[in-house]
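Structure, as structure tokens:
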Amino acid sequence: MKRRVLAAILVATMVAGVFTGCGTPKSKGSSNSGEKVFRYSTRTEPTTLDPTKSNCIPDNEVQHALTESLVRNTGGEVTPGVAKDWKVSKDGLVYTFNLNPDAKWSDGKQIKAEDYVYSWQRLMNPETAAPYAFIGEYIKNGRAVETGKMKPEKLGVVAKDDTTLEVTLEHPTAYFLSMIGAQAQFAPLRKDIVEKYGKEFAADAEKNVYSGPYVLTSAKEQKWIFEPNENYWDKDSIKLDRVELSYVQNQETALQMYESGELDYSEIPSMAVPTYKGKDHSFRNGNVDYYYFNNDAKKKSPMSNKNFRLALNYALDRNSYNKLVNNDVYSPSNALVFSGLQGADGKYGKESTLKSYPLKGDDAKAKQYLKAALKELGKSKASDIKVTITTSDADAAKKQAEVCQEMWKTKLGIKVEINQITYAEVLKRHETGDFEIAWGGWGSDYDDPYSYLELFKSDSAYNYSRYKNTKVDKLLKDSQTETDAKKRMEMLHEAEQLIIDDGAFLPQAERKVHYLVDDDVKGLNFFYCSINLDWVYADIK
């Protein structure tokens, strides 16, 4: 099971405002002192500086610089981290990592295999209450430890000696190395440091030691300062003298700061993208936007009717939606899984033979499905059906809802109401099921389609759509033990097709991030899983 705490980031990135008075981006340099300093901002503050309790992209991006896992995932490429090499058993269940004896903590002490054992046991220990503990369920006995049925010592991770770590998995997991190389929860921890500070561990920059390429020297007044870790085993690969991360909630403000020379990197609000055409850069961050449909028949809502859900899907012109809501910046989507993920032999989207709703919609089919739904729901006419879209009180969220409302009312003749509430309340409604239609989105923790598809597994704690399909459940379960890559991917394709055929949700768009960066900043990496912006190996020429 996995969970991606994404919604807050997605809502923030949807805030679109017209930026005026834009100048031409110029290379501004890093500082007057000649230091190589990279300055950027975040719209979503890191939730914690404790790697075990990390639970979102901002957390991961910070920890990716401060910690060193067994391996390092840089833009999808897995390279040695603290482990200089490793071997995998023939059945794919046992990983034996040989640690680099020269890998040290920022205070000079050796990083040992036991530091990983302690960290991973702490992650799965229910007393820790780590929000991302489920990410460790891939480890042998992970679920049993997480739920308190076994003690942490029973977790399938053992230090054979100071430099040998043996990890046993519940089932073969092709993306295991990619996952532990990018997810903060798999970083090592020093037991003596954690116990020394107790509840105050990692409360600020000084209450921690660091295993990664950088150390945190300050975390005050919503600004984080990173400097190279002089004891990092691969310190010669680190080129920057300092990195400054500032919390700037408003995207337009961050862009203004870039223009004035206060930042070296800034994302561009969607409304301002045309202004910077030819000067901007872009990457797809793996986030897929959609509406949750509450499939729960107990709610006595039209949303529990398959034909009605299909009518809504066929009535949406995703091309027009993308222009009206996203200023044509994102890519219209009629799928669940991000198309850029790795498949068996290439990109998942190119391998897929998914038959889904036309991007331009199909009014005739929409009316056909609506007619069938009316009969099954015992309604005489379309206007007898009323559904409510529950969304946040952000202007962008309102616009999304209004576009769908207008299309559905015009093409189907149904009644659609919009209920705007606080963002925190929206998240609560996702969990309680107190909604009919609610905006959401997802991004992956690892480079595999399962990370999206399991949202519709009936026993998933994050199946907010309350969707149930025994065939989908079986395909997803079997895919976790299938060792033939092509056969496994066929299972996942089939599962996605079944979910689409059931109209279980309403796909909308895949996100594309447009950004500006100084000409002298080189070596930034961008990825669509766990970490979007990776500046660890950046340089300023």
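The values are calculated or read from the model by the stated rules, or taken from the named source; none is laboratory data. Owing to the predicted nature of the structure, the values given are computational and were not obtained by experimental measurement. Neighbour counts are summed over all protein chains in view; Cβ atoms, including those assigned to glycine, are modelled from backbone coordinates with ideal geometry. Quick note on the areas: whole protein, heavy atoms, side chains included, nothing else; ligands and nucleic acids left out. Shrake-Rupley method; radii C 1.70, N 1.55, O 1.52, S 1.80 Å.
Convex hull volume of the C-alpha atoms in the range 49-97, normalised per residue: 109 Å³. Only helical runs count toward this figure. For the chain, summing -39,500 (n - 2.57) over DSSP H runs of n ≥ 4 and dividing by all residues gives -8000 deg cm²/dmol at 222 nm. Hull volume per residue, based on the alpha-carbon atoms of the range 128-250 and their convex hull, is 171 Å³.
How much net charge surrounds Lys306 when only other residues with a Cβ under 11 Å from its Cβ are counted (Lys, Arg +1; Asp, Glu -1)?
On the way: positive: Arg309; negative: Glu376, Asp501, Asp502.
Around Lys306, the surrounding residues sum to -2.
Could you give me D for the range 26-119, from Stokes-Einstein at 20 °C and 1.002 mPa s, where the hydrodynamic radius is the Kirkwood radius over C-alpha pairs? Units µm² s⁻¹, please. Please list the in-between numbers first.
Working: Rh = 16.3 Å.
So the translational diffusion coefficient is about 132 µm²/s.
Below 13 angstrom from the Cβ of Thr42, what's the summed charge of the other residues (Lys, Arg +1; Asp, Glu -1)? Can you show the working numbers first?
Working: positive: Arg39, Arg43, Lys223; negative: Glu45, Asp59, Glu61, Glu244, Glu267.
So the surrounding residues net to -2.
Computed from the alpha carbon atoms alone, the convex hull of the range 190-261 holds 114 Å³ per residue. Only alpha carbons enter this Debye calculation for the range 211-295, each as an equal point scatterer, and the log10 of I(q)/I(0) it gives at q = 0.12, 0.15, 0.17, 0.27 Å⁻¹ is -0.60, -0.82, -0.93, -1.25. Percent of Cα pairs in the range 440-541 per distance bin of 10 Å, from zero to the largest separation: 13, 36, 25, 15, 10, 1. Local charge for Thr164 was computed over the other residues whose Cβ lies under 12 Å away, with Lys and Arg +1 and Asp and Glu -1, and equals -1.
Taking one quarter of the surface of the C-alpha convex hull of the range 365-484 gives a mean projected area of 9.8 nm².
Using a probe of 1.4 Å on the protein chains alone, the accessible area found for Ser460 is around 20 Å².
Anything over 32 Å Cα to Cα? Flag those among Lys104/Lys223; Lys196/Lys512; Lys360/Lys477; Lys355/Lys512; Lys87/Lys191; Lys239/Lys486, in the order listed. It would help to have the intermediate numbers written out before the result.
Numbers: Lys104/Lys223 27 Å; Lys196/Lys512 44 Å; Lys360/Lys477 34 Å; Lys355/Lys512 23 Å; Lys87/Lys191 27 Å; Lys239/Lys486 41 Å.
Distance filter (> 32 Å) returns Lys196/Lys512; Lys360/Lys477; Lys239/Lys486.
In percent, rounded to a whole number, the relative contact order of the range 126-263 is 11, using alpha-carbon pairs under 8 Å and six or more apart. Here's how it looks for Gln342: its modeled amide H is under 5 Å from those of Tyr348, which are all 5 or more places away or on a different chain.
Charging the Cβ of each Asp and Glu at -1 and of each Lys and Arg at +1, and nothing else, the dipole of the range 82-217 about its Cα centre rounds to 220 debye. Of the residues Glu244, Glu425, the one with the largest accessible area comes first in the ranking Glu425, Glu244, computed with a 1.4 Å probe on protein heavy atoms. Once you reduce the range 129-144 and the range 513-541 to the center of their Cα atoms, the two points are 31 Å from each other. The residue among Thr217, Val82, Tyr446 whose Cα reaches farthest toward the positive pole of the charge dipole of the chain, with charges on the beta-carbon of Lys, Arg, Asp and Glu, is Tyr446.
Taken over the C-alpha atoms, the chain has Rg and Dmax values of 23.9, 76 angstrom. Solvent exposure of the range 436-480, expressed per residue, is 31 Å² of accessible area, with all protein chains present and a 1.4 angstrom probe. Tell me the relative contact order for the chain as a rounded percent, counting alpha carbon contacts under 8 Å between residues six or more apart. That works out to 21 percent.
Each Lys and Arg contributes +1 and each Asp and Glu -1, all at the Cβ; summed about the Cα centre of the chain, the dipole is approximately 2080 debye.
The portion of the accessible surface of the chain made up by carbon and sulfur, rounded to a whole percent, is 46 (1.4 Å probe; DNA, RNA and ligands excluded). When you filter the trypsin sites (Lys or Arg not before Pro) in the range 240-311 for DSSP loop state and at most 16 other Cβ atoms inside 10 Å of their Cβ, you are left with Lys277, Lys279, Lys300.
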